[in-house]
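**Q** So that we are looking at the same thing, I have put the structure below in structure tokens.
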Amino acid sequence: MRPAALGLLFASFLSAQAPAPAFKLIRAGRLISTADGQVREDQGILVKGERIEAVGPFAALLAKAPKAAEFIDLSSATVLPGLIDAHTHVLLQGDITAEEYDVQLLKESIPYRTLRASKACRDALLEGFTTLRDLETEGAMYADVDLKRAIQNGVIPGPRLFVATRAFSATGMYPLSGYSWELKLPEGVQIVDGVDAIRRAVREQVKYGADWIKVYVDRGYLMAPDGRLRSKVNFTPEELKAFVEEAHRLGKLTAAHAMAWDGIDAALTAGFDTIEHGSGFTEDLMDRAIKQGAWWCPTMYVGVWVAEGRGGIWKQLPALLAKAVRRGVEKGVPIANGSDAGGYAWTENPAKELVLLAASGMTPMQAIQAATSRAAKLLGQAANLGELKEGAYADLIAAPEDPLKDITALQRVSFVMKGGVVYKSGSASPHL
Ligand SMILES: [Zn+2]
């Protein structure tokens, strides 16, 4: 049989087998509209397959919905878009000390770490996180691309993943370090030096599935007498620019680990799309971030989690970061929710980040937007994610308590739908 005829036969077989997309009609007692920051009562959401067909007053949608639509009653709950954590490491399991980090790379194989990551993905989904931007595998090579594929293909349950694969640092500037030069050790990132090598390495990561290019821009943090958090920059300005240029040329976005003033300054100069951590953000840097449209993921919770165990300057950083975030919120710096989950243990609920954002000048609505509509913009996915609207993915969660009165309510979600599939409904976990 000619290939074309075979294709036709296959297509007709598929159309005979594929069921019509299922409709679901959800009744939401209260619906948080992240687009305009409003709350609407007794709303309906009509889901067709994996996307939202319509949103509006429940009575109107009831009249419009096909008779066969499955009814989901969330009339006593607050419904909102699925949460987005824009800074995670599913392949890491918390590292307060350097030893805890090293053990994961030296004693756990990549397959074992990937199995642990699959549990982190499942837990995050059940906690209401339907999308993660996973910002590097910490030595687990391209296992994040495999996790993403396994989730997309329904092999394991998990959030939508946008992945950075291996991240980059320069020779001598990232763990594992401090071992004898006689030993050949794994690296926590892809080590790369020089403009040409950087361009080639970015192409290589994109070839193997990187959605984002992540670069460790600074290290060696210290508090200067003028109150600024200073650091050493890992790459030359030309090298940093090469990462950004090559990534953008290939249609990918760039994330800069930049903790302190010098790192943020270098990352903004090179044109990175997002600044990660940013404890050293000052007014002048905030003005530049606003002007450039660079996003900031403050990752507040991880700082609190590691502070005592790491000691030294780490004990000063949470208060410094909280002060910077408060000023950033006032000035209107684009801030999105990112918690650095994996930097702390996945047994912690990543929604704890929202409590810290709300304690640093955001209203509960702004904190929710940081984890939905604004994080979707950071990802370049505003059409698909972060808002409950026609055409977006049917990614939504519900909380029995009102998160606008108590933001910790988002640590107790009772319902999780991703792509029209229900993963949690009360104590039941269908599709797991
Ligand atoms: Zn991180």
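**Q** Would you mind classifying segment 165-284 by shape? Square roots of the alpha carbon gyration tensor eigenvalues, ordered a ≥ b ≥ c; an a/c under 1.5 is rounded, otherwise it is prolate if a/b is larger than b/c and oblate if not.
**A** Here segment 165-284 falls in the oblate category.
**Q** Can you list, bin by bin at 5 Å, the percent of alpha carbon pairs in segment 48-181, starting at 0?
**A** Here the calculated profile for segment 48-181 is 2, 9, 15, 18, 14, 11, 9, 7, 5, 4, 3, 2, 1, 0, 0.
**Q** List the residues whose amide H sits under 5 Å from the amide H of Arg160, counting only those 5 or more places along or on another chain, with H placed 1.01 Å from N in the peptide plane.
**A** Thr131, Leu132
**Q** Kindly identify segment 37-105 as rounded, prolate or oblate by the Cα gyration tensor criterion: order the square roots of the eigenvalues as a ≥ b ≥ c, call it rounded if a/c is under 1.5, otherwise compare a/b with b/c, prolate if a/b is larger, else oblate.
**A** Cα axes put segment 37-105 in the prolate bin.
**Q** OK, next. Whole-Hz ³J(HN,Hα) for each residue in segment 100-108, computed from phi via Karplus 6.51 cos²θ - 1.76 cosθ + 1.60 with θ = phi - 60°, x for glycine and proline: what do you get?
**A** Those phi angles translate into 4, 5, 4, 4, 5, 7, 8, 10, 10 Hz.
**Q** What number does the chain give for Rg over Rh if you use C-alpha atoms and the Kirkwood radius?
**A** 0.99
**Q** Around Arg51, which amide H atoms from residues at least 5 apart in sequence, or from another chain, sit under 5 Å from its own amide H, with H modelled in the peptide plane?
**A** Amide H to amide H, under 5 Å and 5 or more residues apart or across chains, Arg51 pairs with Ala394.
**Q** Report, for the chain, the % of DSSP beta bridges that are antiparallel, rounded to 5.
**A** Within the chain, antiparallel bridges account for around 50 percent of the total.
**Q** Moving on to the next point. Find the relative contact order for the chain and round it to a whole percent, using C-alpha pairs within less than 8 Å whose residues are 6+ positions apart.
**A** Averaging sequence separation for qualifying contacts and normalising by length gives 18 percent for the chain.
Values quoted throughout were computed directly from the atomic coordinates according to the rules given, and no laboratory measurement underlies them. As the structure is a computational prediction, the values presented were derived from the model and not from experiment.
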